[in-house]
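The values are calculated or read from the model by the stated rules, or taken from the named source; none is laboratory data. Only a predicted model underlies this, so the values are computations on that prediction, with no experimental measurement involved. Neighbour counts run over all protein chains shown; Cβ positions are idealised from the backbone, glycine included.
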Amino acid sequence: MRKAFIILVAVFGMATLTLAGDTPLAGDRTGFYLGASITSAQIEVKHVYPDFGDMDFDEKDTGYKLFAGYRFLDFLAVEGGYVDFGHPTYSTVMGDMVLNTRFALDGWDACLIGILPIGPVDLFAKAGFFWWDSEFEAAIDNSSWRGLDSGADPVYGVGVALWLGQFSIRAEYEVFDISEADNVNQISLGVAYTF
């Protein structure tokens, strides 16, 4: 996913140089829009659990997000959506036993987005809040543990979008500053349609 993100940024850069200005690829960008993205999500949690001791969970999985927004001006929009980080899992040998862990995280976000239009390309930064639910499961031998948690924490990110008529292809990097985790971030690639 990181390679795809780098390639997409390079394509956007070349498009900016060759298609700068008001072209058919860069029409009216204001209004209501809907979109979806596929993500590469990373969740890192370090914690001490009563039954299992120290755990260092640092895994990735494929997830997705669905979003909707309204662009008031060329440089300002609001956006909200649903984010699912997939179900990253991890297994390790502890003595003569195998420890299996699984972490699920999803939730809803709402963000304010600042946009810099450059020809058919938008560069943007976003900041807002993420209302999340998590589930952690661990099992070893005949023992298992399951924990549920929820909260609301900041989210912020940067991205780039290439306009093709009313469609835009966008790549993003987002960080979710979740209090109960050490690191939660994702890289996404998706498409949006402006009505």
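Of all the residues that make up the stretch 59-84, how many are acidic (Asp, Glu) and surrounded by fewer than 15 Cβ atoms within 10 Å (Cβ to Cβ)? Final tally of qualifying residues: 1.
Conditions (1) touching a Pro at 6+ places or on another chain (Cβ under 8 Å); (2) closer than 17 Å to residue 112 by Cα; (3) polar (S, T, N, Q); (4) surrounded by 19 or more Cβ atoms within 10 Å (Cβ to Cβ), marked per residue:
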| residue | (1), (2), (3), (4) |
| --- | --- |
| 149 | no, no, no, no |
| 154 | no, yes, no, no |
| 162 | yes, no, no, yes |
| 167 | no, no, no, no |
| 170 | no, yes, no, yes |
| 173 | no, yes, no, no |
| 178 | no, no, no, yes |
| 186 | no, no, yes, yes |
| 193 | no, no, no, no |
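Filtering 179, 144, 150, 134 for residues that are assigned to a loop (DSSP other than H, G, I, E, B) and free of Cβ contacts under 8 Å to residues at least 60 places away in the same chain leaves a single hit, 179.
Filter the stretch 27-46 down to the residues that are surrounded by 20 or more Cβ atoms within 10 Å (Cβ to Cβ) and among the hydrophobic types (A, V, I, L, M, F, W, C), then identify the one that is nearest to residue 161 (Cα to Cα).
Residues of the stretch 27-46 that are surrounded by 20 or more Cβ atoms within 10 Å (Cβ to Cβ), as a first pass: 33, 35, 37, 39, 41, 43, 45.
Next, only the ones that are among the hydrophobic types (A, V, I, L, M, F, W, C) stay: 41, 43, 45.
Numbers: 41: 20, 43: 25, 45: 31 Å.
Per the criteria, the residue is 41.
Close contacts from the stretch 63-84, counting a first residue that is in contact (Cβ under 8 Å) with a residue 12 or more places away in the chain and of a type in the set (Gly, Ala, Ser) and a second that is surrounded by 20 or more Cβ atoms within 10 Å (Cβ to Cβ) and not in a strand (DSSP E or B), with Cβ to Cβ under 8 Å and a gap of 6+ residues or different chains, come to 63/85; 63/86.
Being part of a strand (DSSP E or B) and surrounded by 15 or more Cβ atoms within 10 Å (Cβ to Cβ) is the filter here; which residues of the stretch 86-109 pass it? Spell out the reasoning first.
Kept after step one, since they are part of a strand (DSSP E or B), are these residues of the stretch 86-109: 89-94, 97-109.
Across the stretch 86-109, the qualifying residues are 90, 99, 101, 102, 103, 104, 105, 106, 107, 109.
If you check 77, 68 for being at pLDDT 95 or above, closer than 17 Å to residue 166 by Cα, part of a strand (DSSP E or B) and in contact with a Lys or Arg (Cβ under 7 Å, 6 or more places away or on another chain), only one passes: 77.
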